[in-house]
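Have a look at the structure below, then the notes.
Read the figures in this text as sums done on the coordinates, not as results from a lab. Quick caveat, the model's predicted, so the values are computed rather than measured. Cβ placement follows ideal geometry from the backbone for every residue including glycine, while neighbour counts extend to all protein chains displayed.
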Amino acid sequence: MVKIDVKDKKILYQLELDAMQSYSSISKKVGLSREVVNYRIKRLERLGVIDRYVTILNTKKAGYSSFKWYIQFENVDDSKLREIINEFKKHPYCVWIQTCTGRWDLIIVLFVLSPTHFKEITSYFFARYNKYMRETNFIIELGVYHFKKKYIWGEKSSLKKTPYFGGEPEKVKLGKEEIKILIQLCENPKQNIVDIMGKTDLSIDVIKNRLKKMKNNGLIQGSRVEINNAKLGFESYKILLKTKFISKEKEQLFLNYLNHNKNVCDVIHCIGNWDMEINIDVRNSVEFHNVIMEMKNAFSEIIKGYDPIQLFENYKTNFFPMGEYLLKNSNLPIKTHRSPLN
């Protein structure tokens with residue numbers, strides 16, 4: 001387990017608020033020199049505490065919906081599992097890959113343009129790996145709230161300032177300029193405008209203009225650091241929650257409660273075999289049990305049932321994995337974009 005001090009926590013907190021901000025900006029907020037901030041961040045990266053940096057997009061603004069695929073395998077050894085994961089990693093519409101234990105072994109998130117588009121992708125993987133899939137389940141994500149890691153630094157967050165994925169799909173047109181910028185930001189949000197200019201054929205003014213536009217229309221929600229919880233002695237769980245019928249007011253109270261719970265990291269409203277997913281980081285199974293019991297006691301009239309799974313390794317997080325594919329097919333209208341199936 002890696003030991004971090006108060007200054008490290010302050011730096012990580014700033015990176016979670018905005019991974020795009022400069023070392024100079026962070027240094028002013030944490031009371032350290034720019035050189036010391038740079039050294040500490042590099043150290044946290046080297047030790048594996050910092051796993052990656054992520055640009056958070058609400059791609060519903062560009063017409064994409066989020067479908068989640070849960071898979072339980074059979075007759076799959078480590079080699080075959082790595083092969084399957086690598087196939088998903090290469091797919092241009094695969095956003096998130098996570099191994100887990102419990103009822104499910106692997107969770108895949110896909111951003112798609114329609115249910116038909118989703119079926120095209122799943123049919124491709126079924127054709128290749130169906131004999132290894134003992135059970136699967138599909139969930140449609142309606143809305144995702146990305147909360148801060150309050151269990152590390154104790155800061156409370158406002159729902160209004162929380163990065164969000166959701167709403168009705170819109171048709172914000174993405175031109176080549178926007179696509180090029182999003183590719184760079186989603187590969188590494190810590191790049192500055194000059195870095196992006198050097199990797200594209202865009203001018204600084206065009207980049208600034210497009211960035212401002214995508215932030216104003218809500219496509220770009222922000223950026224954050226992703227921390228390897230295991231390095232700090234934490235375990236990650238997901239609660240698959242079934243709820244009873246509740247009013248909008250009661251639902252909002254429940255959401256506010258989850259937002260202020262120091263262990264809750266993400267809340268996902270969905271359609272499928274369960275109604276909500278709650279991501280929780282805890283020190284151990286005892287703390288996880290206590291979080292569950294407190295939630296059940298406070299909202300027994302809402303909770304119908306739940307199924308916990310433990311999360312392990314994250315293999316991919318990219319909110320715009322389809323960027324390169326879209327560039328290659330940018331002469332097509334967005335509604336005809338489909339993923340290559342072989």
Practice prompt. With N denoting the number of residues in the range 176-314, provide Rg(C-alpha) divided by 2.2 N^0.38 Å, to two decimal places.
Written response: 1.39
Worksheet item: log10 I(q)/I(0), Debye, Cα-only the range 1-67, no solvent, q = 0.22, 0.28 Å⁻¹?
Response: -0.89, -1.34
Worksheet entry | Taking the chain and dividing mean pair separation by its residue count, relative contact order in percent (alpha carbons under 8 Å, at least six apart) | 28
Fill in: Computed over the range 48-159: relative contact order in percent, which uses C-alpha pairs under 8 Å that are six or more apart
35
Fill in: Furthest towards positive pole of dipole, Y70, F111, H91, structure part the range 42-113, Cβ charges
F111
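Please report, in debye to the nearest 20, how large the charge dipole of the range 247-294 is about its Cα centre when each Lys and Arg carries +1 at its beta carbon and each Asp and Glu carries -1 there.
Dipole size: approximately 100 debye.
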Worksheet item: For the range 254-299, what number results from the quotient of the Cα radius of gyration and 2.2 N^0.38 Å?
Response: 1.16
Fill in: Distance in nm between pseudo-label sites at D78 and K171 (7 Å out along the Cβ direction from Cα)
5.1
Discussion item. Give me E249, E277 sorted ascending by neighbouring Cβ count inside 10 Å, so fewest comes first.
Written reply: E249, E277
Worksheet item: N75: net charge of surrounding residues, Cβ under 14 Å, Lys/Arg +1, Asp/Glu -1, itself excluded?
Response: -3
Worksheet item: Using the alpha-carbon centroid of each, what span in Å lies between the range 110-143 and the range 277-300?
Response: 30
Practice prompt. Calculate, axis by axis, the spread of Cα positions in the range 71-121 along the three principal axes, and write the results as whole Å, longest axis first.
Written response: 33, 22, 17
Worksheet item: What list do you get for I204, I268 if you sort them by fewest beta carbons within 10 Å?
Response: I204, I268
Item to complete: Kindly provide the helix-only [θ] at 222 nm of the chain, computed as the sum of -39,500 (n - 2.57) over DSSP H runs of four or more divided by all residues, to the nearest 500 deg cm²/dmol?
Response: -11500 deg cm²/dmol
Practice prompt. Taking the Cα centre of the range 1-125 as origin, work out the dipole magnitude from +1 charges on Lys and Arg Cβ and -1 charges on Asp and Glu Cβ, in debye rounded to 20.
Written response: 680
Response to the item:
Ranked on Cβ counts within 10 Å of their own Cβ, fewest leading, R283, R40 go R283, R40
Worksheet item: Cα centroid distance between the range 20-94 and the range 188-206, in Å?
Response: 20
Worksheet entry | Listed residue (Q310, A298, G167) projecting farthest to the positive dipole end of the chain, Cβ model | G167
Discussion item. Under 27 Å between alpha carbons: how many lysine pairs meet that in the range 237-335, if sequence neighbours fewer than 8 apart on the same chain are excluded?
Written reply: 25
Discussion item. Could you give the length gained by full extension between K231 and I271, i.e. 0.36 nm per residue of separation minus their alpha carbon distance, to one decimal place?
Written reply: 11.1 nm
Worksheet item: Mean projection of the alpha-carbon convex hull of the chain over all orientations, in nm²?
Response: 18.0
Practice prompt. Give the Debye-formula value of log10 I(q)/I(0) at each listed q (0.16 Å⁻¹), with one equal scatterer per alpha carbon of the range 1-134, two decimals each.
Written response: -0.91
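Pull out a ≥ b ≥ c, the square roots of the eigenvalues of the alpha-carbon gyration tensor of the range 199-264, then state rounded if a/c is under 1.5, prolate if not and a/b is larger than b/c, and oblate in the remaining case.
Numbers: a/c = 3.66, a/b = 1.64, b/c = 2.23.
The shape class here is oblate.
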Worksheet, complete the sentence: Plugging the Cβ-Cβ distance of K215 and H260 into 1/(1 + (r/R0)^6) at R0 = 25 Å yields, to the nearest 0.05, a FRET efficiency of 0.40
